[in-house]
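Working notes for the structure below.
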Amino acid sequence: MDGLDRYTNPEQFSLKLANRLRSLRDERGLSQESVAHEAGISTYTYQKFEKGESKPGTPMNPRLYTLLALADVFEMDVRELLTFDGNP
């Protein structure tokens, strides 16, 4: 895929980000609660992010501020956070 084509499917993007968040958290041995607390969001919201949704059946669409906060928790920049399979 070229350019923004890989982002045109919100469900697919949400699932990739959900898997990325879960992997990063597991690699670091962190709980969902601690990640949520450090990022300044509720545990419930973070749990939904790891499922790839905001509301049941709706793909997640986190705010830029939330993505920046999550990247900070995982000690990386937001571009690294949003890199899936070697493709930002």
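Derivation of every value follows stated rules applied to the coordinates shown; laboratory data play no part. Quantities reported herein were computed from a predicted structural model and do not represent experimental measurements. Please note: Cβ atoms are built from the backbone with ideal geometry, for glycine as well, and neighbour counts cover all protein chains shown.
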Amide H contacts under 5 Å for Leu82, restricted to residues at least 5 apart in sequence or on another chain and with H modeled in the peptide plane, are none
Note, Ser34: beta-carbon cut-off 15 Å, +1 each Lys/Arg, -1 each Asp/Glu, net -4
Between the residues Leu24, Ala71, Gln47, the Cα farthest towards the positive end of the dipole of the chain, that dipole coming from +1 and -1 charges on the beta-carbon of Lys, Arg, Asp and Glu, is from Gln47
Once Ser42 and Thr83 are pulled to full extension, the length gained, defined as 0.36 nm per residue separation minus their Cα-Cα distance, is 12.4 nm
Taking N as the residue count of segment 10-82, its alpha carbon Rg divided by 2.2 N^0.38 Å gives 0.97
If every Lys and Arg gets +1 and every Asp and Glu gets -1 at its Cβ, then about the Cα centre segment 10-82 yields a dipole, in debye to the nearest 20, of 280 debye
Protection proxy (average C-beta count within 10 Å per residue), highest first, orders 77-85, 33-41 as 33-41, 77-85
